[in-house]
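Below is one structure, written out as structure tokens; the observations come after it.
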Number of protein chains: 4
Amino acid sequence: MSITAEQLDARAQPLRLLLFDVDGVLTEGTVTIDGNGGESKTFSIRDGAAIVWAQRAGLEVGLLSGRASDATSRRAAELGIQIVLQGESNKRAAYERLLADKGWRDDEVAYMGDDLIDLPVLARVGLSAAPADACADVQQRVHHVTQATAGHGAVREFIERVLRGRGLWDAVLASHVNP
Amino acid sequence: MSITAEQLDARAQPLRLLLFDVDGVLTEGTVTIDGNGGESKTFSIRDGAAIVWAQRAGLEVGLLSGRASDATSRRAAELGIQIVLQGESNKRAAYERLLADKGWRDDEVAYMGDDLIDLPVLARVGLSAAPADACADVQQRVHHVTQATAGHGAVREFIERVLRGRGLWDAVLASHVNP
Amino acid sequence: MSITAEQLDARAQPLRLLLFDVDGVLTEGTVTIDGNGGESKTFSIRDGAAIVWAQRAGLEVGLLSGRASDATSRRAAELGIQIVLQGESNKRAAYERLLADKGWRDDEVAYMGDDLIDLPVLARVGLSAAPADACADVQQRVHHVTQATAGHGAVREFIERVLRGRGLWDAVLASHVNP
Amino acid sequence: MSITAEQLDARAQPLRLLLFDVDGVLTEGTVTIDGNGGESKTFSIRDGAAIVWAQRAGLEVGLLSGRASDATSRRAAELGIQIVLQGESNKRAAYERLLADKGWRDDEVAYMGDDLIDLPVLARVGLSAAPADACADVQQRVHHVTQATAGHGAVREFIERVLRGRGLWDAVLASHVNP
């Protein structure tokens, strides 16, 4: 059900919150486990830069993960992400609590997810997206599928697309050319 | 010796146990070793989700690995996998002990492996499978080769295929759309 | 604005310093975070060999990173890199301090970067370069884009190209064939 | 200077020792460094299986690395590799000491390497090989380039090729089909 570029631009206007799944969106969808029970995740630096740009442009960024992980908490802290919902096996319930708490509407939220557990939230938000390597059932049900794969720029590409849709990208670029 | 879709559906009906090799099936087939003797493995989150769905659908899931690794034990515990056979250099003997212990028949088991050590068990089970990047001698001898590679969704794809063959996939999907 | 091979050769002549961004240039642009706050980065051994060859050929090598990381410090020490500027959110200011300190001119420096934060320095140096997988806005603004991707030989390829441009490659090769 | 299949078979006959570089041959050519000075390397399980088969078939296996790493020592121990030469910046000198010590001739050794530092030994041995992603100067100077890349089966493919050349592969396969 992919939408046109004009429709995506229109859906980008009311956004206040860019919400992201973690595994398979901010990471490749793999987890590395060692023999001591430690667990690590691998994040993209360029995804992180885009998250900071979105925040500077006035958007909130949040994480919504079914799995709880200290690595996620640390990456969120590093990027100044304050909305971090982890270990939420029922993502729709967590999403509804968040919106009630903040007083936000569905059309003020974009969400990117990659697997079946993300479908209920993807069906609710104003703008839904998935990485190029999301599972087929998700790709068929979102507004926008990025060309980049998860952990390798999917989040960066989506944020850049939203900022362009709101006419904010040239300012991001200019702030770097002339810092 | 790949089989038709109809034959695969037929072989999926009597299954009780989905048994998986670890290295090269649940992982990319690499092991990361540090200077302190620690060892880590990298698993796919989407493979893990599918294992949980198979269990909820009433199938047992088990692991059969030639190599013993604490990382494997931890991943198994996380996914609620209770049949974990590790350090089994003779996989056929381990397989036979398991079936004798459980009272299961060969046609009630599916096994996915990637290397020569897996051939004796692959030759026995009702439904044999391999990832897209299994070694050639294995690919030539299994019922089904997935399109996905090991550690990147081969297990997910196979479980989804088995659940579809048994008519159980729509229920999995529906349980996510309306959790 | 890519330049011809002859122009690249000409720009290679006055170089004294080969300066490299770290994330997305010396690495794939990913960072692995564990639950204890540890962070690791993955470097290419062949990139490292080329850095040593450049130093032996009389060129200085330096690192200029927006992010501070102990892993970067350790890799730099291992390769004998003494110019290590980390945690520099304003790369242009750091670059200008370095040149003032050393008494070097812009045309004596080559810089390779991959993201918007690198643009101000890329616009200043005598020879600017980016890996094959740098972001589009950077690729459009550098003299040279390598065929290799970051963390998989982009630095090696660029150093080899500079050494060839200065007529120094045959000596590197000969020193290995007859050590 | 690649040779014909018949020439490769002929060069496989006198071999006693299969010698391998580590970084870029047994691994992808990357090293992961953490903030505590730890270092890890990633090895292929299927490469390891082939090393064990070669040993069982009566061949010695050895490692010759320019870089010293505890991870290499541990992987070697795990595979029962007793010839482990590490931290050898002059590989030819280390190679000559080994041959003098063992009383072996050049035509009794095969060596696989990926970078310039390997050229002197590659020029000496009876059978020289490189992974598909070795640097160009090496690929041009070896008898055989594998289709697989380093860390993803190059060593496995080469060992399998040598064992086939000596007529030993069918026995390896048969020992697995009927363990």
Number of the condition not met by B:M112 [criteria: (1) in contact with a Pro (Cβ under 8 Å, 6 or more places away or on another chain); (2) under 14 Å from A:I33 (Cβ atoms)]:
(2)
How many residues does segment A:67-78 hold that are open to solvent by less than 20 Å² (accessible area, probe 1.4 Å), aliphatic (A, V, I, L, M) and closer than 18 Å to A:V52 by Cβ?
1
Which number in (1) more than 22 Å from D:D133 (Cα to Cα); (2) out of contact with any Leu (no Cβ under 9 Å at 6 or more places or on another chain); (3) in contact (Cβ under 8 Å) with a residue 60 or more places away in the chain; (4) not small (G, A, S) marks the one condition that D:D115 misses?
(1)
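Scan segment C:128-138 for residues that are of a type outside the set (G, A, S) and part of a loop (DSSP other than H, G, I, E, B) and jot them down. Walk me through it before giving the result.
In the first step, residues of segment C:128-138 are kept if they are of a type outside the set (G, A, S); the result is C:131, C:133, C:135, C:137-138.
The answer is C:P131, C:D133, C:C135.
Report the residue count in segment D:100-127 for those that are open to solvent by 40 Å² or more (accessible area, probe 1.4 Å), within 14 Å of another protein chain (Cβ to nearest Cβ) and in a helix (DSSP H, G or I).
Step one: of segment D:100-127, the residues open to solvent by 40 Å² or more (accessible area, probe 1.4 Å) are D:100-103, D:105-107, D:117, D:123-124.
If we keep only those that are within 14 Å of another protein chain (Cβ to nearest Cβ) as well, we get D:117, D:123-124.
Okay, now just the ones that are also in a helix (DSSP H, G or I), so D:117.
Matching residues across segment D:100-127 total 1.
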Considering only residues that are assigned to a helix (DSSP H, G or I) and of a type in the set (V, I, T), which ones fall in segment C:38-57?
C:I45, C:I51, C:V52
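Restricting to segment A:164-173, name every residue that is under 19 Å from C:D118 (Cβ atoms) and touching a residue at least 40 places away in the same chain (Cβ under 8 Å).
Listed by number, the residues that qualify are A:A171, A:V172.
Residue-by-condition table, conditions (1) farther than 30 Å from D:C135 by Cβ; (2) modelled with pLDDT of 95 or more; (3) open to solvent by 10 Å² or more (accessible area, probe 1.4 Å); (4) assigned to a helix (DSSP H, G or I):
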residue: C:I81; (1), (2), (3), (4): no, yes, yes, no
residue: C:L98; (1), (2), (3), (4): yes, yes, yes, yes
residue: C:R141; (1), (2), (3), (4): no, yes, yes, no
residue: C:G151; (1), (2), (3), (4): no, yes, no, no
residue: C:E157; (1), (2), (3), (4): no, yes, yes, yes
residue: C:G167; (1), (2), (3), (4): no, yes, yes, no
residue: C:A174; (1), (2), (3), (4): no, no, yes, yes
Scanning segment D:129-179 residue by residue, those farther than 20 Å from C:R46 by Cβ, within 13 Å of another protein chain (Cβ to nearest Cβ) and of a type in the set (G, A, S) turn out to be D:A171, D:A174, D:S175
Taking the criterion of being without any contact (Cβ under 8 Å) to a residue 12 or more places away in the chain and more than 24 Å from A:H176 (Cβ to Cβ), would at least one residue in segment C:93-100 satisfy it?
no
Determine which single condition A:L18 fails, assuming it passes every other condition in (1) in a strand (DSSP E or B); (2) farther than 20 Å from C:I33 by Cβ; (3) within 14 Å of chain C (Cβ to nearest Cβ).
(3)
So for segment D:24-37 (the condition being within 23 Å of B:D115 (Cβ to Cβ) and either more than 14 Å from chain C (Cβ to nearest Cβ) or assigned to a strand (DSSP E or B) (or both)), does at least one residue qualify?
no
Give the residue that is nearest to D:G113 (Cα to Cα), with candidates limited to residues of segment D:58-79 that are in a helix (DSSP H, G or I) and touching a residue at least 24 places away in the same chain (Cβ under 8 Å).
D:T72
Of all residues in segment B:45-55 being touching a residue at least 24 places away in the same chain (Cβ under 8 Å) and open to solvent by 10 Å² or more (accessible area, probe 1.4 Å), the one that is farthest from the other protein chains (Cβ to nearest Cβ):
B:Q55
Out of all the residues in segment D:56-97, which are within 10 Å of chain B (Cβ to nearest Cβ) and of a type in the set (K, R)?
D:R74, D:R75
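For residues in segment B:87-96 being touching a Gly at 6+ places or on another chain (Cβ under 8 Å) and part of a loop (DSSP other than H, G, I, E, B), which is most open to solvent (accessible area, probe 1.4 Å)?
The initial filter retains those residues of segment B:87-96 that are touching a Gly at 6+ places or on another chain (Cβ under 8 Å), namely B:87-89, B:91.
Those still in the list that are part of a loop (DSSP other than H, G, I, E, B) too: B:87-89.
Numbers: B:G87: 44, B:E88: 35, B:S89: 101 Å².
The selected residue is B:S89.
The values are calculated or read from the model by the stated rules, or taken from the named source; none is laboratory data. Here the structure is a predicted model, which means the values were calculated and not measured. Neighbour counts run over all protein chains shown; Cβ positions are idealised from the backbone, glycine included. Quick note on the areas: whole protein, heavy atoms, side chains included, nothing else; ligands and nucleic acids left out. Shrake-Rupley method; radii C 1.70, N 1.55, O 1.52, S 1.80 Å.
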